[in-house]
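One structure below.
The values are calculated or read from the model by the stated rules, or taken from the named source; none is laboratory data. Everything numeric here is computed off the predicted structure, so don't read it as measured data. We place every Cβ from the backbone using ideal geometry, glycine too, and count neighbours over all the protein chains shown. Side chains are part of the model used for accessible areas, which takes the heavy atoms of the whole protein and leaves out ligands, DNA and RNA. Shrake-Rupley method; radii C 1.70, N 1.55, O 1.52, S 1.80 Å.
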Amino acid sequence: MSEQRAVLNDQTFSIVDEAERARHLERIWAEPKGFIGWFKAVHHTTIGKRYMVTAFVFFLAAGLLAGVMRLQLAFPEAHIIGPDLYNQIFTMHGTVMMFLFAVPMMFEALSVYFVPLMVGTRNIAFPRLNAFSYYLFLFGGLMLFAFFFVNSGPDRGWFAYVPLSGPDYGPGKRADIWAQLITFTEVSALAVAVEVIVTVFKLRAPGMSLNRIPIFVWGQVVVSFMVIFAMPGVVVASTMLLLDRTAATQFYNPAVGGDVLLYQHLFWWFGHPEVYIIFLPGTAIVSTIVATFSRRHVFGYMALVLSLIATGFIAFGLWVHHMFATGIPQMSEAFFTAASMMIAIPAGTQIFCWLTTVVTGKPVLKTPMWWVLGFFFVFTIGGMTGIFVASVPVDLQVHDTYFVVAHFHYVLIGGAVFPLFGAFAYWFPKITGRMLSERIGMWSFWLFTIGFNITFFPMHILGLRGMPRRVYTYPADAGWTVLNQIQSAGYLFLFAGVSLFLWNVWQSLRHGEISSPNPWQAGGLEWATDSPPRPYNFLNLPTVNGGEALWDALPDQPVLTGLHEDVREIVTTRIHDAEPDGRDEMPEPTIWPFITAVVTTALFIGSIFRPIAVSIGAVPLAIALIGWFWPTREESERRKRRDIWQKS
Amino acid sequence: MAEELTRRRQVLDLSMLPNVTFATRSLTWWGTIGMMAIEGGVFALVIAAYFYLHSRSQDWPPGVLPPDLTWGTVNTVIFLLSVIPTEWYRRRARKGDLGAVRLGLILATFIGVANLAVRYLELRHLNCDWSQTAYGSAVWLLMGLHITHLLTDWVETVVLTVLFYSPHIEGKRFVDAEENASYWYFVVLTWLPIYLVLYWAPRWLRS
């Protein structure tokens, strides 16, 4: 046992050797070049960037769809677009924002790019699965928009309730396309959840014990667990829906023992945790930015981590509050009201910890910090209307009105999009090697914040005045015209704010100030390497001595040696104390995940039209997976020569 | 000059660490556990849906007989007995015992064939149709989910058996063999509640 341990030593490093090692590691870890090479990439920074760009493009597309709705609603009794197209557009807007932007961006994109860097390793666990998850996400989104452009976009709302989406009331293929889009996105989210958990549990830098894991990483781990336990709800709900529609099952048919509320229970078992899957990464971003720009360790680290975990647990006890209007027993209503209000405890704890961090630190107001201040303001308003709608009588009054639309835009945009823009401003230099312009950043912040409030605040009042959501127009004498026009004007500000952000990115990519490895003097490990990081992430893999690895490092903080550098070898550590535990080899780039994703896509789309496509598609899928896992003879023999079996 | 170009610093030397590690020390184990958690969640929710539909029904099973006990019980016995050879080759895999793992994988392949054959007979005796009642839909969905796992694991076992007769034998293969056994345990362990739900719940709940 004893000889299988890591040993502390002294070693002489020379600059010449280091440069030589860097060139060598670059060759070993580089992504393949060329057109075909693009489809073989497996490094987490490559895939993470693709996730970010793709999810952001979906955000812009869904934002433009919102613009069409705002145009239509700017005038009473307007006929710019008809009711059928309007139904498709609001369904597309919600579906794309939730499934193709919010979760893939807040969870997949950010954790795939940053978690391996923040825990100090060279790639994410299961990198090929990671590449596969990206292609599935991309293909799912492309499929949805392709069907939308041929007038087959889903049109039953983003949660596609039965019986409206069932075989009797949802003719055509629109609801099936929605159900399969869900399958694409849930598979990719589930894959990333497993990768993140394994990366954080087993690949942390030595010394990064549980109490030294960055809060951002804690947030993504909690979200990963939520994905694993929540997603099966929507898997089951949408699969049953698809089977009812294509294979004549009767899950939701009350005439033969089925039940429509079964769908709502299963959907919201997923749907409520989903909201926290979107917003916990936001709070984890806020904890990170607040600490960096207050120049101190975050106040109440333990309270913040426990709040994240508590939110994760409580999230699974709230789903029925989406169903107060369905006539469920009063006892359940009381229980779920209490449970819903309980979420204010961990949310409030976090807010007080952040405020204390700011007040007791030396705050520096840069754009990332402004977005955090915007988050405080907007999210707190959303939280307060949350207390309104958690209460049954108020909920029954405002159910399906614009009040609810206002509430969830305040919590989702406040809780996720504000921190996200903060995250872009904060980590842009790390990802691209260039700084964003502070001046344009401030303009887009103020335009977005003001525009957001002009667009969404009046919705509270409209909802209280009785305007229902999801109507394509309204009568001129309803008294809703002026507020709708104010909202549509607000959209122009939002549009300008986001356009300026894009301009800022475009300009900064070409002319921005070159960034140092650590432009904000932050404490996280992601700042310990070049901007942008080399494909091996760290020339010398780090060890960790505190919660903010760079701030707390010893003058002679050890680095790791002894890994084989002619292959993609990494160190594995123990879960609780992050003591070195073993070595493992990361796989090489390969095209198989792409091929597997293409086959899976054919299978999923085929199943919309013929259930038998699942059985037929299983054969090429199995072949693709075997190709994926089949080792090369050379690597097997090399590994065999070097095998050191664990003792005990 | 040389002083400026070099410096001494502390290093943590990892070269003695093992690279063939099992169970919680291997990444494969954690990946497999993740898969099991996801699929276990799906099973649990479908079982919950089954009982939810029961709570909304007057009679259960509605107008049909419960599935015949014989073949389901036979398969359950095969599943339980399969644990003996599986546990044997799992333990030998940790010792790098090539002969035992080869034999164990071949046995596992044949046991899988037996399970699949009996499963076909089970499907013939479910006594319900998925398109007639929600009860039938739930029964077939649970069955279908479990068959998918059975088939996946069987293909995986066949591929691994072939690998064990190829030049690709190395430490990682033995880790794979152990994980193949763990995944089989998952298939067996999920079957037990499903067996009770499909075959016994309709008998116990019959009014």
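Here are the numbers:
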item: Single residue of B:SER57, B:SER82 found to be of a type in the set (Gly, Ala, Ser) and modelled with pLDDT under 95; result: B:SER57
item: Complete set of residues in the stretch A:255-274 that are free of Cβ contacts under 8 Å to residues at least 40 places away in the same chain and either under 30 Å from the mean Cα position of the chain (by Cα) or facing chain B (nearest Cβ under 7 Å) (or both); result: A:VAL256, A:GLY257, A:GLY258, A:ASP259, A:LEU262, A:LEU266
item: Options A:ALA310, A:ALA248; residue that is in a helix (DSSP H, G or I), of a type in the set (Gly, Ala, Ser) and more than 17 Å from the chain's Cα centre (by Cα); result: A:ALA310
item: Those residues of the stretch A:200-255 which are within 17 Å of A:ASP577 (Cα to Cα) and of a type in the set (Gly, Ala, Ser), in sequence order; result: A:ALA205, A:GLY207, A:SER209
item: Any hit, the stretch A:244-252, residues being among the hydroxyl-bearing types (Ser, Thr, Tyr) and either at the interface with chain B (Cβ under 8 Å from one of its Cβ atoms) or touching a Phe, Trp or Tyr at 6+ places or on another chain (Cβ under 6 Å) (or both); result: yes
item: The stretch A:496-547, residues that are among the acidic types (Asp, Glu) and under 24 Å from the mean Cα position of the chain (by Cα); result: A:GLU526
item: Residue check for A:GLY172: outside any helix (DSSP H, G or I), more than 11 Å from chain B (Cβ to nearest Cβ) and at positive phi; result: yes
item: Residue count for the stretch B:134-159, restricted to those that are more than 15 Å from the chain's Cα centre (by Cα) and under 22 Å from B:SER26 (Cα atoms); result: 1
item: Of all residues making up the stretch A:273-304, the number that are open to solvent by 10 Å² or more (accessible area, probe 1.4 Å) and not basic (Lys, Arg); result: 11
item: The lone exception for A:GLU77 - which of (1) in a helix (DSSP H, G or I); (2) within 27 Å of A:ARG174 (Cβ to Cβ) it fails; result: (1)
item: Residue among B:ALA93, B:ALA37 that is facing chain A (nearest Cβ under 7 Å) and modelled with pLDDT of 95 or more; result: B:ALA37
item: Selection count, the stretch A:560-589, where residues are open to solvent by less than 20 Å² (accessible area, probe 1.4 Å) and either touching a Lys or Arg at 6+ places or on another chain (Cβ under 8 Å) or more than 10 Å from chain B (Cβ to nearest Cβ) (or both); result: 11
item: Hey, A:ILE413 more than 25 Å from A:TRP319 (Cα to Cα), at pLDDT 95 or above, β-branched (Val, Ile, Thr) and part of a helix (DSSP H, G or I) or not; result: no
item: Flag for A:ALA61 being at pLDDT 95 or above and in the same structural domain as A:LEU144 (by TED's automatic domain parsing); result: yes
item: Any hit, the stretch A:376-392, residues being closer than 22 Å to A:LEU308 by Cβ, assigned to a loop (DSSP other than H, G, I, E, B) and touching a residue at least 40 places away in the same chain (Cβ under 8 Å); result: no
item: Qualifying positions in the stretch A:67-92 - open to solvent by 20 Å² or more (accessible area, probe 1.4 Å) and small (Gly, Ala, Ser); result: A:GLY82
item: Any helices (runs of 4 or more DSSP H) falling wholly within the stretch B:1-117 and containing at least 3 residues that are open to solvent by less than 20 Å² (accessible area, probe 1.4 Å); result: B:27-55, B:69-94
item: Scope the stretch A:1-35; condition more than 10 Å from chain B (Cβ to nearest Cβ) and either more than 30 Å from A:THR590 (Cα to Cα) or open to solvent by 90 Å² or more (accessible area, probe 1.4 Å) (or both); matching residues; result: A:MET1, A:GLU20, A:ARG23, A:ARG27, A:LYS33, A:PHE35
item: Positions within the stretch A:456-473 being open to solvent by less than 50 Å² (accessible area, probe 1.4 Å) and either of a type in the set (Asp, Glu) or under 22 Å from A:LEU396 (Cβ atoms) (or both), in sequence order; result: A:MET459, A:HIS460, A:LEU462, A:GLY463, A:GLY466, A:MET467, A:PRO468, A:ARG469, A:VAL471
item: Search result, residues across the stretch B:153-207 that are open to solvent by 10 Å² or more (accessible area, probe 1.4 Å), of a type in the set (S, T, N, Q) and under 21 Å from A:LEU621 (Cα atoms); result: B:THR161
item: Which listed residue, of B:TRP140, B:TRP130, is in contact with a Gly (Cβ under 9 Å, 6 or more places away or on another chain), aromatic (Phe, Trp, Tyr) and either open to solvent by less than 10 Å² (accessible area, probe 1.4 Å) or within 16 Å of B:PRO66 (Cα to Cα) (or both); result: B:TRP130
item: Test: residue in the stretch B:159-182 that is more than 14 Å from every other protein chain (Cβ to nearest Cβ), part of a helix (DSSP H, G or I) and within 19 Å of B:GLY41 (Cβ to Cβ); result: yes
item: Given (1) more than 26 Å from the chain's Cα centre (by Cα); (2) surrounded by 20 or more Cβ atoms within 10 Å (Cβ to Cβ), index of the condition A:VAL389 fails; result: (1)
item: A:PHE445 under 30 Å from A:SER515 (Cα atoms), open to solvent by less than 50 Å² (accessible area, probe 1.4 Å) and either touching a residue at least 12 places away in the same chain (Cβ under 8 Å) or aromatic (Phe, Trp, Tyr) (or both); result: yes
